[in-house]
1. Per residue, how large is the accessible surface of segment B:1-68? Use a 1.4 angstrom probe and give square angstrom.
2. Which percent of the accessible area of chain A is formed by carbon and sulfur heavy atoms (probe 1.4 angstrom)?
3. Greater than 24 Å separation of Cα atoms is the criterion. Which listed pairs, A:Lys65/B:Lys36; A:Lys100/B:Lys22; A:Lys57/B:Lys36; A:Lys9/A:Lys74; A:Lys65/B:Lys38; B:Lys19/B:Lys53, meet it?
4. For the B and A pair, go ahead and give the buried accessible area with a 1.4 Å probe, both sides summed, in Å² to 100.
5. Gap in Å between the Cα centre of segment B:64-117 and the Cα centre of segment B:1-56?
6. Within 10 Å, count the other beta carbons around each residue, average over each peptide in B:85-92, B:2-9, and list them highest first.
7. Can you classify chain A as rounded, prolate or oblate using the Cα gyration tensor, where a ≥ b ≥ c are the square roots of its eigenvalues, rounded means a/c under 1.5, and otherwise it's prolate if a/b beats b/c and oblate if not?
8. With every protein chain present, what is the per residue accessible area of chain A (1.4 Å probe, Å²)?
Amino acid sequence: AQRVTQPEKLLSVFKGAPVELKCNYSYSGSPELFWYVQYSRQRLQLLLRHISRESIKGFTADLNKGETSFHLKKPFAQEEDSAMYYCALSAFDGSGNTGKLIFGQGTTLQVKP
Amino acid sequence: DTEVTQTPKHLVMGMTNKKSLKCEQHMGHRAMYWYKQKAKKPPELMFVYSYEKLSINESVPSRFSPECPNSSLLNLHLHALQPEDSALYLCASSRRPGQGEGANVLTFGAGSRLTVL
């Protein structure tokens, strides 16, 4: 079964502390994984994807196929990082032609001053 | 233009009404999506259009009827909805469907908040 698990509903840290938002997935094929973010009163938007191996706003995420994880990390949290974070997995139909994103339940990151 | 525009922002309808949600993008994206999002929950996929053809229907009740008149427009026709259908309906698009570069990088609209009385 295709599934994304984000075990924490809420993660609360102080400004300047390291952050790790956990994401585990279940998928039989070769996964494509993403982190999407939703700031208060803003649209859901892409934060980063494993294919590009980039760092956005100081966040990084490494795909670990052995542990089936794609945790999101930032060494020093900022107050403006407070938002809802969704891990997402792209999954495909039998023909492999049509993709869809499966979202985890989301983790609210709260960065306190 | 790098946005997905959804109208209306808010919609209140009775269970016997017929209404439509509209979505527009001018980024040349060839995959368009409808998602439903309840409060504090992740978006749930409803429909995917690939090159203007319906490619995924996630067993959505027939009271929701999608339509893709052209590559820039996506509609969701609503009829005989139930109060439990009240939610934020999100439209999204991606450069292309499938896998790899440009796929699954979704640009979301701000959503249409639907209340069914």
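The values are calculated or read from the model by the stated rules, or taken from the named source; none is laboratory data. What you see is a predicted model; the values in this text were computed from it and never measured. Note that each Cβ is placed from the backbone with ideal geometry, even for glycine, and that neighbours are counted across all protein chains shown. Heads up: the accessible areas ignore ligands, DNA and RNA and are worked out on the full protein's heavy atoms, side chains in. Shrake-Rupley method; radii C 1.70, N 1.55, O 1.52, S 1.80 Å.
1. 56 Å²
2. C and S atoms contribute 49 percent here.
3. Numbers: A:Lys65/B:Lys36 30 Å; A:Lys100/B:Lys22 21 Å; A:Lys57/B:Lys36 28 Å; A:Lys9/A:Lys74 18 Å; A:Lys65/B:Lys38 31 Å; B:Lys19/B:Lys53 22 Å.
The answer is A:Lys65/B:Lys36; A:Lys57/B:Lys36; A:Lys65/B:Lys38.
4. On the way: alone 6500 and 6650 Å², together 11150 Å².
That pair hides around 2000 Å² of surface in total.
5. Comparing the Cα centres of segment B:1-56 and segment B:64-117, I get a distance of 2 Å.
6. Values: B:85-92: 21.8, B:2-9: 15.0.
Ranking, from highest mean packing down: B:85-92, B:2-9.
7. prolate
8. Values: 5640 Å² over 113 residues.
Averaged over the residues of chain A, the accessible area is 50 Å².
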